[in-house]
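Worksheet: one structure, shown below.
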Amino acid sequence: MKRWDQIGLPRLRPLSVTRGSARHGALRFDAGDRPTLAALAAQLTKILPRSPRCYHLKGTGGLKAAVRAATQALHQYGPAPFVYRTDVKSFYETVDAEILLGKVERYTRDRNCLNLLGQYLNMSVETGGNFVDAPRGLRAGGAPSPVLGAFSLYDLDCAMAAQKDVFYLRYMDDIIVISRHRWPLRRAIATIQHHFAAVGMVSHPDKTLIGRMGHGAMSGGVSFLGYQLSLSGLSLSAETLRRHIEKARRLYEQCKIRQRQAARVFADGNIIADSAPEWLKNRAYITLAPDMRNPSYLTDRLRAYEARFLIWAKGGLNDEVALQVFYEASRAPTTSWELQ
């Protein structure tokens, strides 16, 4: 990565379209700009303040630390705390470049930094020789975006830190507030909505939940960052389980297809069949992975995926999440869960 004093005053190249349209497709940074953007991100990390209640940045403990803190707060504010859980609708797309740049100017007068940041927030897109303005907001995949995403709601973090009788936590745009009483939670919600309106953001209507733990919509807990938080314990959320099973099914189908292709290519042992089509013979995963002809190939792949998922699910949570996954390799994955 380039040092900041080596950057000078570069000009960022336009974004390119990898698929879709310039307005709604996937955009890609020029490879030559990535070291410059990494240096900008490192410089912004040094000069911009961040709240200890914002967990998605490096050095804060990440997602698992946020889940641990929220779980502890539930018990601290129990036995039936009031909870508000929300996130910003289209967070990156709704970050206002002019407002964000004005906030950054409070903390630095570095001409190179502000110039490069202004370019980053107002990039153009090249498609077919035509240049158009990129969609507003931050760029997914850009090194400065996580830092700027944290800083864009720094004023909200400070306002919530000053409030009493509430627990507040933010992971990028995912927010959870916990309180023992109803009125402190109402004040917190009003504060959050006020700061959202000030920067042109709105809460996602389908991901906002307000209630009392153990009652009504929160009788089974509240979903937060892929986990289900409740007073009875910590488990994986229904959406996390659904995605996991769906990925296991796709892996199963992929392995079955590759096994059938391998059977067409290798007629006998390691001898390539003359009747196999050339396009299939040239598939690297066919010629370089003879193990896929092994009867246990499918089971081994599913078990390996299961093991990686369990490591992620339990990692950093002191074995607070207890679960097991079982697959039957003879047919499409069937998953049974034991959650405690």
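The values are calculated or read from the model by the stated rules, or taken from the named source; none is laboratory data. Remember, predicted model here, so these are calculated numbers, not experimental data. Neighbour counts run over all protein chains shown; Cβ positions are idealised from the backbone, glycine included.
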In the set 147, 166, the lone residue that is at pLDDT below 95 and either over 20 Å from residue 48 (Cα atoms) or of a type in the set (Phe, Trp, Tyr) (or both) is 166
Across the stretch 189-202, which residue is farthest from residue 61 (Cα to Cα) among those that are of a type outside the set (A, V, I, L, M, F, W, C) and in contact (Cβ under 8 Å) with a residue 12 or more places away in the chain? 200
Checking 258, 186 in turn, the sole residue that is of a type outside the set (Phe, Trp, Tyr) and farther than 30 Å from residue 61 by Cβ turns out to be 258
Can you find even one residue in the stretch 184-206 that is over 22 Å from the mean Cα position of the chain (by Cα) and of a type in the set (Phe, Trp, Tyr)? no
Among 139, 170, which is of a type in the set (Lys, Arg), in the same structural domain as residue 27 (by the TED database), in contact with a Leu (Cβ under 8 Å, 6 or more places away or on another chain) and closer than 24 Å to residue 29 by Cα? 139
Can you find a residue in the stretch 95-118 that is within 20 Å of the chain's Cα centre (by Cα) and touching a residue at least 24 places away in the same chain (Cβ under 8 Å)? yes
Looking for something touching a Ser or Thr at 6+ places or on another chain (Cβ under 7 Å), outside any loop (DSSP other than H, G, I, E, B) and within 22 Å of residue 58 (Cβ to Cβ) - is there at least one such residue anywhere in the stretch 121-143? no
Restricting the stretch 51-100 to residues that are of a type in the set (Ser, Thr, Tyr) and farther than 19 Å from residue 154 by Cβ, the one modelled with the highest pLDDT turns out to be 84
